[in-house]
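The values are calculated or read from the model by the stated rules, or taken from the named source; none is laboratory data. The model shown is predicted, which means the values in this text are computed figures rather than measured ones. A quick note on method: Cβ atoms are made from the backbone with ideal geometry, for glycine too, and the neighbour counts reach across all protein chains shown. These area figures cover heavy atoms from the full protein model, side chains too; ligands, DNA and RNA do not enter into them. Shrake-Rupley method; radii C 1.70, N 1.55, O 1.52, S 1.80 Å.
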Amino acid sequence: MCGIFGYIGKGKNVPQLVLAGLKSLEYRGYDSWGIASLDKQGRIRIKKKTGKIGENNVETLPDNGMALGHTRWATHGGVTVANAHPHLDCSGKITVIHNGIIENYLELKKPLIKKGHIFRSETDTEVAVHLIEDILADHKKNSVKTVKEDFAESVRLAFKKMSGLNAIIVMEAGSQVFVAAKNGSPLTIGRGTVQNEENLLASDAHAILPFTRDLYFMEDDEVVTVGRKEITVRKLADGTKKQIKFQQVNWQIREEVKGKFTHFMLKEIYDQIKVLQSVASADKVELSKLAALIAKSYGTYMIGCGTAAYACLAGTYIFSKIAKKHVNFSIASEFGYLLDFLTKQSLVIGLSQSGETIDLLDSLKKAKEKGATIVALVNVLGSSLYRLSDHKLLLQAGSEKAVVSTKAFTAKLAYLMMLAYILAGKAELGKNYLLKAVQAVEAILKSDFQQKIINLAQKLASRQHIYLIGRGISYPIALESALKIKEASYIHAEGFAGGELKHGVIALIEKNTPCIGFLPNDESYNDTLSGLMEMKSRGGMIIGVSFRHHEIFDEYLPVSDCGIASAIPNAVAGQLLGYYLTVQKGVDPDKPRNLAKSVTVK
Ligand code: G6P
């Protein structure tokens with residue numbers, strides 16, 4: 001996780017400009033933030049704070065045309081100012097920002113402590129800056145090179161010693177350049193205009209786009225020196241120069257605003273109507289090419305993390321039911337341990353909102369090494385997943401700002417349904433079901449339904465546990481709805497396959513335990529109903545999400561029948577319940593504690 005950003009050039013008020021860059025990277029972590037900038041005497045000055053950036057400013061920092069900043073999601077060491085980046089070496093002349101985990105940090109730290117280096121934080125990152133300091137001091141002794149060259153070489157040698165998936169940007173007081181290196185974690189270079197003599201570095205291209213569209217996406221095992229007029233890329237292995245090609249991107253990025261909505265999460269729940277409509281009328285030629293790829297593959301695997309994993313699981317039911325095609329599912333973080341059987345005929349489809357989830361990228365890279373074809377269903381144009389895939393389908397759900405994912409989930413379901421219907425030669429039927437789902441979502445978003453959810457949320461907000469069940473495609477919907485509830489409202493919620501109830505879960509049901517059942521008009525209805533009855537017999541408070549009422553429901557959320565596409569409005573009902581529970585608990589659903597929108601560490 002963590003967002004890193006560096007700017008060098010003639011821009012006005014550089015520290016403030018870096019702060020704005022960090023704000024656009026805050027989805028990667030918002031425990032704390034910090035900025036380092038150079039003053040007129042070439043000294044490094046730092047401001048660090050815990051918490052979100054909010055309305056903070058960095059007016060007290062000097063502006064000498066060079067600054068770097070970091071927004072943190074804690075991995076090693078608690079959320080404190082001392083642990084916030086940037087970190088300084090002992091001399092105060094070198095500073096580093098880092099995204100990733102230096103897995104061998106303890107091994108590297110011990111000899112540095114022996115040599116007298118003083119550590120001021122509990123982070124793995126601080127090892128990097130002392131290591132660079134140490135190597136640079138050695139280097140300078142017999143060097144015939146410039147300060148800048150010695151500095152770049154020291155960063156290269158230090159980074160080579162670090163294991164794990166990392167990206168760092170380093171600033172040295174006397175060098176007037178940044179030196180950055182990457183392996184695994186993303187890092188993009190932006191080449192600014194010649195008049196501004198400006199260049200940038202950031203963990204996400206979107207943070208650079210307000211300055212330039214001339215980008216280079218760094219590859220693994222590269223080190224770069226970035227000055228006002230220079231960008232030199234070298235190989236990590238031996239320091240030899242590499243010829244690189246910048247690309248002009250013409251991506252149109254729409255800045256999303258909350259408008260009349262209190263939170264992005266609610267806005268994004270509403271956005272789903274338009275998103276689903278656009279999937280229903282999506283270009284069938286493109287979808288048919290992808291469907292053909294799935295048809296001819298010998299083994300198709302869908303992988304993702306979190307919400308995207310539940311979309312993958314739903315996909316297995318969708319392809320089985322609609323296209324009579326077996327598609328495998330794995331949580332992306334587990335797929336790396338499960339892919340020994342892949343061949344050149346295998347197809348691996350990665351689902352992701354951000355396209356930056358490291359567990360997904362890592363597994364896909366391994367699958368690629370085995371010769372498998374990689375497909376991306378991804379929301380963010382130009383993301384790492386987008387770039388590494390052989391074929392891509394953009395979700396076009398618009399930027400998702402709330403950490404709690406909503407519209408990317410239903411967009412994934414909608415595309416998987418369309419693909420399956422196309423595979424079955426029934427594209428029009430797929431479109432009709434999807435349009436029915438749009439109507440069902442519209443009904444859910446009407447005020448009377450929302451009032452029901454608000455009333456329910458008031459009753460449930462003080463509960464410790466909520467259990468959700470579903471069978472068939474409603475099983476992943478139960479899992480996803482439980483995730484919405486727990487990640488935003490911090491209430492413990494668990495989704496289960498209805499049939500698993502009697503194998504342990506039922507022991508947890510007490511008087512008034514909230515039990516939510518998803519009961520669409522399909523073959524799972526009677527079995528799920530039996531499960532709910534068994535929960536009711538143990539005192540459970542039964543909440544039915546269904547196309548028709550049943551006397552055992554203590555609470556009823558009506559969702560009209562739209563065939564297999566009922567999964568979509570059912571998921572939206574779960575999202576709304578998660579949202580209103582969050583509001584009841586006074587939590588910010590756009591940035592819940594301990595989470596990040598993009599999970600770029602293991
Ligand atoms: C994080 C987010 C989730 C998301 C998951 C996978 O945990 O908080 O909302 O589902 O990452 O992210 P991706 O961008 O790959 O869909």
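Values computed for the structure shown
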read-out	value
Single residue of the range 165-174 satisfying the filter (over 18 Å from the mean Cα position of the chain (by Cα) and surrounded by fewer than 24 Cβ atoms within 10 Å (Cβ to Cβ)) that is nearest to I208 (Cα to Cα)	A173
Hits in the range 193-233 - residues which are in a strand (DSSP E or B), acidic (D, E) and under 15 Å from K182 (Cβ atoms)	E222
Test: residue in the range 273-289 that is in contact (Cβ under 8 Å) with a residue 12 or more places away in the chain, outside any loop (DSSP other than H, G, I, E, B), farther than 20 Å from N432 by Cα and open to solvent by less than 20 Å² (accessible area, probe 1.4 Å)	no
Residues of the range 578-602 satisfying the condition of being surrounded by fewer than 24 Cβ atoms within 10 Å (Cβ to Cβ), of a type outside the set (K, R) and not in a helix (DSSP H, G or I)	G586, V587, D588, D590, P592, N594, L595, A596, V599, V601
Per-region count, the range 355-394, residues part of a loop (DSSP other than H, G, I, E, B), within 11 Å of the ligand (Cβ to nearest atom) and either under 21 Å from A295 (Cα atoms) or open to solvent by 10 Å² or more (accessible area, probe 1.4 Å) (or both)	4
Options Y317, Y270, Y310, Y337: the member that is more than 16 Å from A376 (Cβ to Cβ), of a type outside the set (S, T, N, Q), assigned by TED's automatic domain parsing to the domain that holds A440 and assigned to a loop (DSSP other than H, G, I, E, B)	Y337
Members of the range 36-84 that are open to solvent by 20 Å² or more (accessible area, probe 1.4 Å), among the charged types (D, E, K, R) and either under 20 Å from E197 (Cβ atoms) or touching a residue at least 60 places away in the same chain (Cβ under 8 Å) (or both)	K40, R43, K52, D63
Count of residues meeting criterion [without any contact (Cβ under 8 Å) to a residue 24 or more places away in the chain and either within 25 Å of V380 (Cα to Cα) or among the basic types (K, R) (or both)] in the range 220-254	4
Filter result (more than 16 Å from the ligand (Cβ to nearest atom) and in contact with a Phe, Trp or Tyr (Cβ under 8 Å, 6 or more places away or on another chain)) within the range 343-354	T343, Q345, S346, L347
Some residue of the range 406-413 being more than 16 Å from the ligand (Cβ to nearest atom), open to solvent by less than 50 Å² (accessible area, probe 1.4 Å) and in a loop (DSSP other than H, G, I, E, B)	no
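One line per residue, one yes/no per condition, for (1) touching a strand residue (DSSP E or B) at 6+ places or on another chain (Cβ under 7 Å); (2) more than 13 Å from the ligand (Cβ to nearest atom); (3) of a type in the set (A, V, I, L, M):
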{"site": "G563", "(1), (2), (3)": "no, yes, no"}
{"site": "A567", "(1), (2), (3)": "no, yes, yes"}
{"site": "N570", "(1), (2), (3)": "yes, yes, no"}
{"site": "Q575", "(1), (2), (3)": "no, no, no"}
{"site": "G578", "(1), (2), (3)": "no, no, no"}
{"site": "T582", "(1), (2), (3)": "no, yes, no"}
{"site": "D588", "(1), (2), (3)": "no, yes, no"}
{"site": "L595", "(1), (2), (3)": "no, no, yes"}
{"site": "T600", "(1), (2), (3)": "yes, no, no"}
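Every residue, every condition in (1) open to solvent by less than 10 Å² (accessible area, probe 1.4 Å); (2) closer than 25 Å to V18 by Cα; (3) among the charged types (D, E, K, R), yes or no:
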position	(1), (2), (3)
P111	no, no, no
G116	no, no, no
L131	no, no, no
K140	no, no, yes
V147	no, no, no
L157	no, no, no
V194	no, yes, no
L201	yes, yes, no
E219	no, yes, yes
